[in-house]
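**Q** Dropping the structure in here first, questions after.
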Amino acid sequence: MKVRRLIPRLLGIALLLFSARLSSAQYTERIDDSYTDGVLSSRSRTTLQGDASNGSRVATFYDWVDNDWWPVNRNHSHFGDDGLIAATVHTYWTGSEWKITRRYSYEYDAEGRRVSQTAESWNGTAYDKLYRELSAYDAEGRPIEYAREYWIDGGWQFGVCPFCRHHLPSSRSTVAYAANTREYLWLTWNAGWDPVRREVREYNDSGQQLTWLRQDWADGAWQNRRWETFNETGTGVTESEHIWHDWTDGTWVPTRRQLTTRDADGQWLGSVTQSRVDSDWLNVSRIVNTYGLWGQDRQEVQRWQSGGWGTTSRVNWTYDGEGLLIEQKSGSWTGSVWQLTRVTTYGYGAVVSVEPSPEHARGLELFPNPVAAGEALHIQLPESAEVHLFDVTGRLVRTGIGDTQRLSTSGLTPGLYFVRVQLNHRVETRPVTIVR
């Protein structure tokens, strides 16, 4: 397979959602600019620091306020020796310090499949359990069951969420596999498991999906809701037909059709959506995709108007000389001019500071970070101050005083910690990761 054909497949195609096209290199900075009537209306920014190879990753999210980037939220993920995420701590910026909101902990089976996710909220001194999600797999590693439990009366139970505004009940889903079918079942807890929805998907021997049936549980029985059929034809290029049917007056009525074309390498070239009127299929919209050396470089969304196709929106992707996505630009046609709606830029390499802003961070330095267990954490301050080191549960594990300090990490378990110091009548908190 030619290199220029292989790269787009690695980059992937997720088009209508305006998702990023990324190569194997992970971006370290992303800036999203949104436009209203062609005028910049909002900006947001994400920075990434670290990855599984060094045991931790920090994602910090900013908003553009008063001509400066101000931090909003931060997620700090800790990885185990197997490279899987063991826990993620969510924090928010108060204007003077980072405060913990939630922690998510993960467990995996011997094959690296996630079997549980536990959510906890920080009450200021300790974590309170909220809910956990459990997953099970069959002998072939296929998912067969998912369930959510809540922490109720000091234990994990199926029931009604005690902290949710809308009192959501526990949920559960199962998957049953047969030779050429899969049956998905969704249930909700009501002093027992009540069925909610069922889907049956049929495949041929090559794994191509043929049908999709959805039914809802009502009046003590399964009621037909929607049926979809899939058919592939053509040689050289692959043409597929996807038809939606609604259950009306005891019969399946076709309502919508999508005709999709892919090239020999599976790249999505475009699709046409049609609606059913009487006994005819009438054009509604279509998508046209084009590709360059490094991947997809344009997508146009067109509407059928006055007997012809007219472009209503488009997305352009730009790559650097190494095939890294550096810009994604979206626009819409007003009828007379093109107007920007969104521009996303990506940066690779050293991460700009993830600290709040120069005026809030002046003079406080921590190094090295991450720090190896047993080595000293060096802290440089603009003035003498008392420093506290807390673990993720809020337990104080080290203290020091002065303007230059060396905090020992001997005896501390590798993981996420927080350095807290009061400077000039403000409190600053910085994350520190101890690695093996």
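Here, each number is a calculation from the coordinates, and none is a lab measurement. Remember, predicted model here, so these are calculated numbers, not experimental data. All Cβ positions, even for glycine, are placed from backbone atoms using ideal geometry, and neighbour counts span all protein chains on display.
**Q** Tell me the net charge near Thr88. Cut-off is 12 Å between Cβ atoms, Thr88 excluded, with +1 for each Lys or Arg and -1 for each Asp or Glu.
**A** +3
**Q** Taking the number of other C-beta atoms within 10 Å as the exposure measure, put His242, His166, His378 in order starting with the fewest.
**A** Numbers: His242 18, His166 5, His378 15.
Going from sparsest to densest Cβ surroundings: His166, His378, His242.
**Q** Counting C-alpha atoms alone, how compact is the range 172-260: give Rg to one decimal and Dmax as a whole number, in angstrom.
**A** Cα-based Rg and Dmax for the range 172-260 come out at 15.5, 56 Å.
**Q** If R0 is 45 Å, what FRET efficiency do you get for Arg102 and Asn231 from their C-beta distance, rounded to 0.05?
**A** With R0 = 45 Å, the Cβ-Cβ based efficiency is 0.50.
**Q** How would you rank Ser271, Ser384, going from fewest to most other Cβ atoms within 10 Å of each one's own Cβ?
**A** Numbers: Ser271 19, Ser384 10.
Ascending Cβ contact count within 10 Å gives the list Ser384, Ser271.
**Q** Could you point to the label whose value was computed as Cα Rg over 2.2 N^0.38 Å for the structure here, given [x] 1.26; [y] 1.21; [z] 0.99?
**A** So the calculated entry is the one marked [y].
**Q** List Thr91, Thr413, Thr429, Thr318 from most exposed to least, where exposure is judged by having the fewest other Cβ atoms within 10 Å.
**A** Ordered from fewest to most neighbouring Cβ atoms within 10 Å, Thr91, Thr413, Thr429, Thr318 come out as Thr413, Thr318, Thr429, Thr91.
**Q** Along each principal axis of its Cα atoms, how long is the range 100-189 end to end? Whole angstroms, biggest number first, please.
**A** 52, 30, 19
**Q** In the chain, which longest range has no GluC sites (Glu not before Pro) that are both DSSP loop (not H, G, I, E or B) and surrounded by at most 11 other Cβ atoms within 10 Å?
**A** 141-321
**Q** Further question on the same structure: Which far-off residues, 5 or more places away or on another chain, put their amide H under 5 Å from the one on Leu168, with H placed in the peptide plane?
**A** Close amide H contacts, sequence-distant or interchain: Cys161.
**Q** A further question follows. How high is the relative contact order of the chain? Use alpha-carbon pairs under 8 Å, at least six apart in sequence, and give a whole percent.
**A** Contact order relative to length: 11 percent.
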